[in-house]
Amino acid sequence: MKIIKTKNYSKVKKQAEFTTMEIGYEGEKIRVPATWEICDNCRGSGASSDYMGEISDEARHEMMMENTPGGNEFEEYMGGAYDKKCESCDGTGKVLEVYYEKLSPEQREYYDEYSEGQAELAAEDDMRRRGIEF
Ligand SMILES: [Zn+2]
């Protein structure tokens, strides 16, 4: 039996699906409005062959010479046979994002402060990695 796997991007539309998510520090998390956004990394397919990098002409030729049940290795690659689960969305094709426009003023304040704090932590981490003491 021949299994044809197709990637159908046209099926994936930007959804206005409504939900909530938790943000904040451990012990003081708050629940805020959130939406599901299509994952940028895999464009919603939930899988990606990016880890393989660019396929060179030589490699492609070799793959085409390699016969497999689905035709040849290159055809299978194009059909997604070598795709791995997308890490950004854990294979779901979508990611949960804070719906900023729907936050209450208090939630916005908390979220802004939290994001700022997270950015500072990331900056400190970065400095530590580069060996800068402060
Ligand atoms: Zn993804």
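Here is a yes/no grid of residues against (1) away from the ligand (no atom under 16 Å from the Cβ); (2) farther than 30 Å from residue 115 by Cα:
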{"position": "32", "(1), (2)": "yes, no"}
{"position": "38", "(1), (2)": "no, no"}
{"position": "50", "(1), (2)": "no, no"}
{"position": "56", "(1), (2)": "yes, yes"}
{"position": "63", "(1), (2)": "yes, yes"}
{"position": "78", "(1), (2)": "yes, yes"}
{"position": "90", "(1), (2)": "no, no"}
{"position": "93", "(1), (2)": "no, no"}
Log entry, pairs with first residue in region 39-50 being outside any loop (DSSP other than H, G, I, E, B), second being surrounded by fewer than 19 Cβ atoms within 10 Å (Cβ to Cβ), beta carbons closer than 7 Å, six or more apart or on different chains, reads 47/80; 47/84; 47/85; 47/91; 48/41; 48/84
Would it be correct to say that residue 118 is within 30 Å of residue 26 (Cα to Cα), in contact (Cβ under 8 Å) with a residue 40 or more places away in the chain and in a helix (DSSP H, G or I)? no
Does region 57-102 hold any residues that are under 18 Å from residue 40 (Cβ atoms) and hydrophobic (A, V, I, L, M, F, W, C), and which are they? 86, 89, 95, 96, 98
Taking region 83-115 and keeping only residues that are in a helix (DSSP H, G or I) and not charged (D, E, K, R), one is left with 100, 105, 107, 110, 111, 114, 115
Verdict on residue 111 being touching a Leu at 6+ places or on another chain (Cβ under 8 Å) and either on the phi > 0 side of the Ramachandran plot or not β-branched (Val, Ile, Thr) (or both): yes
Within region 81-103, track down each residue that is under 28 Å from residue 71 (Cβ atoms), surrounded by fewer than 18 Cβ atoms within 10 Å (Cβ to Cβ) and of a type in the set (Gly, Ala, Ser). 81, 91
Given the condition under 14 Å from residue 33 (Cα atoms) and away from the ligand (no atom under 16 Å from the Cβ), answer yes or no: does some residue in region 111-132 qualify? yes
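Readers should treat all values here as calculations from the given coordinates under stated rules, not as data from a laboratory. Since this is a predicted model, take the numbers as computed values, not measurements. Reconstructed Cβ throughout: ideal geometry from the backbone, glycine too, with neighbour counts over all protein chains shown.
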